[in-house]
Structure formats: structure tokens, C-alpha cells
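To start, the structure itself, in C-alpha cells.
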Amino acid sequence: MDYSHRYHAYPTQAVAERLEHHIDVHRQAYNYTRYEYENVDAENIGSAYKHHYRLPDWKDKYPVFSEVNSKALQRTVTRFYQNLSNLSEKKQNGHKVGKLKWKSPTEYQSMTYSQSGFKLKNTSGRHATLELSKVGDIQIRYHRPIPDEAEIKEVTIKKETTGEWFVSFGLETDDADLPEKPDGDSLDASNSVGIDLGILNYIHTSDGKTVDWLDLEDDYERLRREQRKLSRKENGSNNYEKQRRKVSKGKRHIQRKVLDYQHKITTWLVREYDAVFVEDLNVQSMLQGDGNARNKQDAAWRQFITLLEYKGDLHGTHVVQVEARGTTKECASCGVETAKPIWVREHSCPACGFECDRDANASLNVLQRGFSELGLGWPESTPVETTLPTDTDSVSAKRVVETGSLGA
Ligand SMILES: [Zn+2]
């Protein structure tokens with residue numbers, strides 16, 4: 001299984017300058033790969049693997065390419081071909097795409113060490129040291145450990161537009177080292193959970209927990225204020241540049257807050273349950289989308305599911321996406337569909353009389369679909385009414401942020 005961990009990095013002034021130089025050499029290598037791909041007719045062009053064989057010649061011709069780690073240089077050539085294949089994939093999906101562009105310094109801010117040339121040291125405390133060959137030691141804030149059984153495949157170091165540095169470790173854990181997921185017979189409604197992506201709540205679980213949306217009003221207000229200030233500065237001036245950094249810092253601050261929140265909720269879910277079922281987002285409808293807000297929400301939900309899935313693998317918890325269509329309309333007790341406008345908060349079934357909260361009904365449907373997705377029947381002896389919690393426990397965002405848990 002592949003996943004990644006990201007950490008804040010604090011290079012010294014001298015090391016930061018070296019990093020910037022290296023990244024700029026990589027940028028030139030990227031642009032040169034692109035140049036050769038478009039203009040040079042040679043046998044060893046056309047795939048990353050073949051193109052790597054051109055690197056010794058490059059180094060003879062342009063000694064600057066010898067200044068950086070050679071595996072990392074290969075990785076940059078590979079990055080060009082990866083971008084190329086992403087582009088053609090988009091094209092196949094009917095998007096209008098241009099050609100890959102030449103990258104200016106502001107557009108190229110990272111480099112990746114692959115397989116070798118890096119070492120993670122002093123990992124016992126809250127800080128650790130990343131050693132990069134030809135660059136030096138970089139301190140990172142090691143807020144969550146890399147699991148013992150994980151192998152570090154690559155390391156990407158990036159300078160954000162805010163001026164902050166981050167390192168991201170590409171990790172691989174052998175599937176054989178992952179904990180086994182409980183087999184079907186041991187799963188029931190008591191150790192499984194269905195999750196509805198709420199409109200009023202961030203999530204609503206089938207056992208009656210609701211978790212609030214994270215309140216970002218103040219953060220957005222602050223960001224809007226900084227953006228207004230930016231619009232009054234003269235483009236290109238020193239003050240403009242300063243203000244632009246403030247704006248990107250504000251954006252990153254919000255992104256990080258959301259990510260941290262999602263980490264806490266997903267960690268809690270995989271620890272608490274043996275199986276977690278979520279709605280599958282239809283990728284097509286997501287791309288088309290209806291409006292920016294909806295897209296943002298979908299993107300946040302997709303990030304949530306990605307986190308949930310890899311943590312499920314690491315903790316031995318089933319994470320299954322189920323068909324999302326009709327989870328709200330369908331009655332969780334008898335299956336009859338009833339149209340429900342968005343403002344109707346109660347589910348009240350005209351066919352069987354089952355009544356409960358609208359989102360509770362949806363999450364129960366997700367739970368049942370999850371069972372059949374895993375090839376398990378819904379236990380006959382468990383009428384859906386009895387799985388309903390007697391009370392809804394509403395968890396505030398504040399409690400999640402402060403205790404890192406949804407539990408009491
Ligand atoms: Zn019904």
C-alpha cells in the first residue's frame with residue numbers, strides 16, 4: 001500500500017539557499033526534458049526510462065546538472081513524463097488541454113529524492129532530521145511517526161508560496177505487514193458504521209453521532225481582509241509581494257485546519273469500528289459540479305475518504321464506498337422510495353411507518369449497502385429500528401479539535 005506523510009521543515013538559511021539552487025537546477029532539467037521531447041528526434045526519447053540514458057551527456061555538456069543528486073535528477077525527468085501522461089488522460093476524458101508549458105521559477109518549487117540520497121535521523125522526539133545528499137541536514141517537525149513497517153520510497157521537499165518549507169515522504173507498507181481485517185461473520189451493526197455526508201452536519205453516523213462542520217468563518221473573514229488589502233497594492237511592488245505571501249499563508253492555514261480536523265475524525269473512526277461505510281462520490285458529477293461551493297465540498301469529502309481508506313488499511317478496518325444514489329429517499333426499514341425536498345428533516349415512511357431523522361435514515365441505508373457490498377446479508381434478527389440509537393450525540397467541532405476524538 002502506498003501513502004504519504006507530510007511535515008513542516010525548518011532549513012537553516014544556508015541550507016535553504018542550497019535547496020533553492022538545487023530546485024532551480026531541477027527546474028532547468030525539467031524544461032530541458034520538455035525541450036528535447038518536443039524538438040529532438042532521437043531513439044532514447046519518448047519515455048522516462050529511455051530519457052534517463054541521456055543524462056550523462058547532459059552532465060558533460062552542462063556541468064550544473066552534476067551539482068544535484070543524480071537519482072533526483074532522473075526523478076525530475078520522470079516527473080515530466082508523468083505530467084505528460086496526466087495530460088493525455090485528461091484529454092481522453094474530454095477536457096480541453098494545451099501542451100505542457102515551460103516552467104518559470106515561481107511555478108517550479110520542489111524536487112524529489114527517489115530511492116537513495118536521503119536519510120531520516122533522530123526520530124525519537126517531536127523533531128527529526130532529514131539528511132539530503134549534496135544539500136545537508138534539515139530539521140522537521142515530526143508530529144506523527146512513520147510506522148516501523150513502512151519503507152520510505154521517496155522524499156519531496158517543497159517551498160510553498162508562503163515561503164514555508166515542507167517535506168513529504170512517499171511511503172510503502174508491504175500488504176503482508178498490514179493487520180488483517182475482521183472476517184464477515186464477526187461484523188454486525190454494533191461494530192460497523194454507516195456515514196452520511198450531511199448538509200447540516202459534516203457527518204452523521206448510523207449509531208447516532210453527528211459531527212459539526214468546522215467553523216472557519218473567522219479564518220475566511222481574515223483571508224478576505226488580506227485579499228482586499230492585496231487588491232489595493234501596486235502589482236509587482238515590494239508591498240504587493242509581502243501582502244501576497246500573507247494571502248497564501250491565510251489559504252494554507254485554512255487548508256491545514258481542515259486536514260487536521262479530517263485526520264482526527266478518520267483516526268477515531270478506524271479505531272472505533274471494524275467496518276466503516278461511506279457514500280461513493282460519482283466522479284463525473286463532481287467534475288461537472290454545480291457551483292464552486294459544491295466543488296469545494298466534494299473535494300473536501302474526497303480528501304476525507306482518501307484518508308479514511310489508507311488508515312483503514314493500516315488499522316485493519318474495512319472501509320467500503322457504497323452507491324450513493326437514493327440513500328436519502330429510500331426507507332431504511334422497508335426500502336420504499338419517497339421523494340424528500342431538502343428542507344424536510346424527518347424521514348417518515350408512508351409505506352411502513354418507520355420514522356427517524358432524515359440523515360439517520362440515510363446513514364442506515366449506507367450501513368445496509370455496506371453489508372451487501374461486503375457480501376454479507378443484513379442480519380434478519382436485527383430489524384433496522386433496533387439499530388437506531390435512542391439519542392443523537394452531537395459532537396462539536398471544538399471537541400474534535402481539542403480532544404482529537406468523537407468519543408465522550
Ligand atoms: Zn418504510
Protection-proxy order for peptides 19-32, 209-222, 358-371, each taking the mean of Cβ atoms within 10 Å per residue, highest first: 358-371, 19-32, 209-222
Can you compute the FRET efficiency between TYR37 and LYS246 using 1/(1 + (r/R0)^6), with r the Cβ-Cβ distance and R0 = 45 Å? Round to the nearest 0.05. 0.75
The summed charge of the PRO389 Cβ neighbourhood (under 9 Å; Lys/Arg +1, Asp/Glu -1) stands at -2
Magnitude of the charge dipole, the chain, Cβ model with Lys/Arg +1 and Asp/Glu -1, debye to 20: 3000 debye
Using the Karplus curve 6.51 cos²θ - 1.76 cosθ + 1.60 with θ = phi - 60°, work out ³J(HN,Hα) for each residue of region 137-148 in order, rounded to whole Hz, and write x for Gly and Pro. 8, 10, 7, 10, 7, 8, 6, 9, x, 7, x, 3
Using a cut-off of 17 Å between alpha-carbon atoms, which aspartates and glutamates can reach LYS242, once sequence neighbours fewer than 8 places away in the same chain are excluded? GLU160, GLU164, GLU226, GLU234
Sequence-distant aspartates and glutamates (8 or more away, or on other chains) whose Cα lies within less than 14 Å of LYS103: ASP24
Sorted by mean Cβ packing within 10 Å, highest first, what order do the peptides 231-244, 107-120, 264-277 take? 264-277, 107-120, 231-244
Links that overshoot a 18 Å alpha carbon limit, given the list LYS209/LYS311; LYS119/LYS153; LYS264/LYS398; LYS153/LYS257: LYS209/LYS311; LYS153/LYS257
Work out, step by step, the length gained on full extension between SER85 and ASP177: first 0.36 nm times the residue separation, then minus their alpha carbon distance; give nm to one decimal. 30.0 nm
For the residue pair ALA14 and GLU107, what label-to-label distance in nm results when each label sits 7 Å from Cα along the Cα-to-beta-carbon direction? 3.5 nm
For the chain, cysteines with no other Cys Cβ under 4.7 Å from their own Cβ are listed as CYS356
Restricting to DSSP H runs of at least four residues, report the calculated mean residue ellipticity at 222 nm for the chain, -39500 (n - 2.57) per run over all residues, nearest 500 deg cm²/dmol. -13500 deg cm²/dmol
Starting from the 7 Å offset along Cα-to-Cβ, what nm value, one decimal, do you get for the label separation of ASN93 and SER66? 4.4 nm
Using 1/(1 + (r/R0)^6) with R0 = 45 angstrom and r between the beta carbons of SER4 and GLU355, what's the FRET efficiency to the nearest 0.05? 0.50
Using the beta-carbon distance between ASP148 and ARG232 and R0 = 41 Å, what value does 1/(1 + (r/R0)^6) give for FRET efficiency, to the nearest 0.05? 0.20
Please compute the alpha carbon radius of gyration of region 2-173, then divide it by the globular-protein estimate 2.2 N^0.38 Å. Two decimals is fine. 1.09
Among the aspartates and glutamates, which have Cα under 17 Å from the Cα of LYS50 when same-chain residues fewer than 8 positions away are ignored? GLU36, GLU38, ASP41
Kindly provide the pair-distance distribution of the chain built from C-alpha pairs, with 20 Å bins from 0 and whole-percent values in order of increasing distance. 21, 49, 27, 3, 0
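Taken together, the values in this text are just the output of simple stated rules run on the coordinates, not laboratory data. Predicted, not measured: the structure shown is a model, and the values here were computed from it. Cβ atoms come from the backbone with ideal geometry, glycine included; neighbour counts cover every protein chain shown.
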